[in-house]
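Notes for the one structure printed next.
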Ligand SMILES: O=C(CO)COP(=O)(O)O
C-alpha cells in the first residue's frame, strides 16, 4: 500500500476578493494551528480567484503559514498576444503550488475540451505547478453510461496531452456539485479506482500508486470521513463548504474527529 498524503483543497470559485482572502487565510491558519494540525500528514490548499493570489502569497510568506494555495485555471500559453490569459510562469512566481484545470464549470461555460484541458495541464507542469485535473459525469451521462465511462474517457484524453509530470485528479460528478447530494463513498470509490487504472495504462503502475485522486461534490465536515475511508480516495475538492474557515478547517481535520 503506497502512502499518499491526503489533500484537502478549497475551490472558492468566483467568491472572496483579496481583502476577504487575507482575513480567510488568517482565520483558517490560526484555527488549524490552534488545533495542532499536522500539515505533513494532511495537506491543505485554497484556490482563490487570480486577483487574490498576490495577497495570499504575501500573507503566507510573512506569517510562515503552512496552508498552500493554487489557481482555478491556467493558460495553455506561456506568453504572447493572448488577452486575458494568465501563464503558468506567473503563477509559479506567486508561489502557487497547484492549478485546477478542466473544472466542469469551465467545460460547461467556456467550452473547454479535453484537448484544451490537457494543454493547460501541460502548461502548468512546464512551470513546476501541479495541475489538478477535474473529470466527472453529468446526470445525463450517469443515466446513459453509468458513472465511470465519461470520467475515464476524459482522463484518458487529458493524459494523452500530458506525457510527464506530477498531477492530481479530482473526480467531481457534475450532478453532485453544489446540489447538496454527494455521491456515496462506494460510488465515488468505484470511479476513483477506475481512474487509477487509467493512470496505470497511460503512465505506469508506480505513477498510478503515487497519484492523489480527490472526490468533489457537496463535501462537508459531516460526510468527509466516509470518503476518506475509501482506499482510492486521497482527499477532497470542496466548493461551498470551503468558504467557511471553521467548516473547511473541520474538513481538513477529518482524522481527529473520525479516527480514519
Ligand atoms: O465544484 C466543486 C469543487 O470544485 C464542488 O462544489 P461543492 O462542494 O459546492 O459541491
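The values are calculated or read from the model by the stated rules, or taken from the named source; none is laboratory data. Remember, it's a predicted structure, so these values are computed and weren't measured experimentally. Cβ sites come from the backbone with ideal geometry, for glycine too, and all protein chains shown count toward neighbours.
Numerical summary
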| read-out | value |
| --- | --- |
| Qualifying positions in segment 202-239 - away from the ligand (no atom under 14 Å from the Cβ), part of a helix (DSSP H, G or I) and touching a residue at least 12 places away in the same chain (Cβ under 8 Å) | 202, 208, 209, 210, 225, 226, 228 |
| Extreme residue, nearest to the chain's Cα centre (by Cα), among residues of segment 41-63 that are without any contact (Cβ under 8 Å) to a residue 60 or more places away in the chain and assigned to a loop (DSSP other than H, G, I, E, B) | 48 |
| Matching residues, segment 130-146, being surrounded by 24 or more Cβ atoms within 10 Å (Cβ to Cβ) and touching a helix residue (DSSP H, G or I) at 6+ places or on another chain (Cβ under 8 Å) | 131, 133, 134, 135, 136, 137 |
| When residues of segment 98-110 are limited to those that are assigned to a loop (DSSP other than H, G, I, E, B) and buried (at least 17 other Cβ atoms within 10 Å of the Cβ), the one farthest from the ligand (Cβ to nearest atom) | 102 |
| Subset tally (residues that are away from the ligand (no atom under 11 Å from the Cβ) and at pLDDT 95 or above) for segment 248-260 | 5 |
| Output for segment 111-139, where each listed residue is within 15 Å of the ligand (Cβ to nearest atom) and outside any helix (DSSP H, G or I) | 112, 131, 132, 133, 134, 135, 136, 137, 138 |
| Qualifying residue in segment 64-71 (condition: within 24 Å of residue 236 (Cα to Cα), away from the ligand (no atom under 16 Å from the Cβ) and in a helix (DSSP H, G or I)) | no |
| Output for segment 17-50, where each listed residue is farther than 20 Å from residue 217 by Cα and either at pLDDT below 95 or touching a helix residue (DSSP H, G or I) at 6+ places or on another chain (Cβ under 6 Å) (or both) | 18, 21, 22, 24, 25, 27, 28, 31, 32 |
| The one condition in (1) more than 12 Å from the ligand (Cβ to nearest atom); (2) surrounded by fewer than 20 Cβ atoms within 10 Å (Cβ to Cβ); (3) free of Cβ contacts under 8 Å to residues at least 24 places away in the same chain that residue 244 fails to fulfil | (1) |
| Residues of segment 25-49 satisfying the condition of being within 16 Å of the ligand (Cβ to nearest atom) and over 19 Å from residue 257 (Cα atoms) | 45, 46, 47, 48, 49 |
| Candidate set from segment 173-196 (those that are away from the ligand (no atom under 12 Å from the Cβ) and exposed (fewer than 15 other Cβ atoms within 10 Å of the Cβ)); member that is farthest from residue 108 (Cα to Cα) | 186 |
| Filter pass, residue 166 being at pLDDT 95 or above, surrounded by fewer than 20 Cβ atoms within 10 Å (Cβ to Cβ), more than 16 Å from the ligand (Cβ to nearest atom) and outside any helix (DSSP H, G or I) | yes |
| Test: residue in segment 73-88 that is within 16 Å of the ligand (Cβ to nearest atom) and either under 19 Å from the mean Cα position of the chain (by Cα) or not in a loop (DSSP other than H, G, I, E, B) (or both) | yes |
